[in-house]
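Heads up, the thing below is written out as structure tokens.
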Amino acid sequence: MKLELTIHPDTCYADSAGEALMGYLNHTNADRWGYTTHEFTCPVWREETVDIDSELIEATLCCGCFAKKEHDEITKFRVGDGNLIVYLYWDGDGTIVFKHLKEGWMLYNGDMKCSYGWEWVEKDNWVYDLPENYYEQFI
């Protein structure tokens, strides 16, 4: 059976979208991704680095206030035709960020071992309203 799902913040609950994307990344996933378990069954290619200047929001979702120091710990993949980017950061719980370049949306989960807790990254998201010294407070 083939099911089709439109993934967009206006038409899909965040938890449903996140879980559908997780299923797409690995359709044979018997055990939920977590810690260092992340195997893809769909076409992906790994990018070398996260550019902190152009991907600060994505790095902040992954690493919080440590984004500028730890962005090199984020693993970045392009999926399928290259319009979907996956950012993985292993901090104990595993953070995952999906970014769709063509459609302009982002979706993340700060504990990718959970099937809940997915959030659309919309303009009112915490990452767009940070204190001025956010990245310097724990240096």
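A short reminder: the numbers here are calculations on the coordinates, not readings from a lab. Because the structure is a prediction, the values reported are computed rather than measured. As a convention, Cβ positions derive from the backbone with ideal geometry for all residues, glycine included, and neighbour counts pool all protein chains shown.
Structure data summary
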| item | result |
| --- | --- |
| Pairs of lysines in region 14-122 (C-alpha under 21 Å apart; 8 or more residues apart or interchain) | 6 |
| Cα long-axis angle, helix 14-25 against the chain (0 to 90 degrees, to the nearest 10) | 70 degrees |
| Simple label model, 7 Å out from Cα along Cβ direction - D72 to W90, nm | 1.8 nm |
| Counted charge near C63, where neighbours are those whose Cβ lies closer than 9 Å (Asp, Glu -1; Lys, Arg +1) | -1 |
| Descending semi-axes in Å of the chain, equivalent ellipsoid built from Cα gyration tensor | 24, 17, 14 |
| Contact order relative to length of region 14-122, as percent, for alpha carbon pairs under 8 angstrom and 6 or more apart | 24 percent |
| Extension reserve of the S16-D111 stretch, reckoned as 0.36 nm per residue once the Cα distance is removed | 32.7 nm |
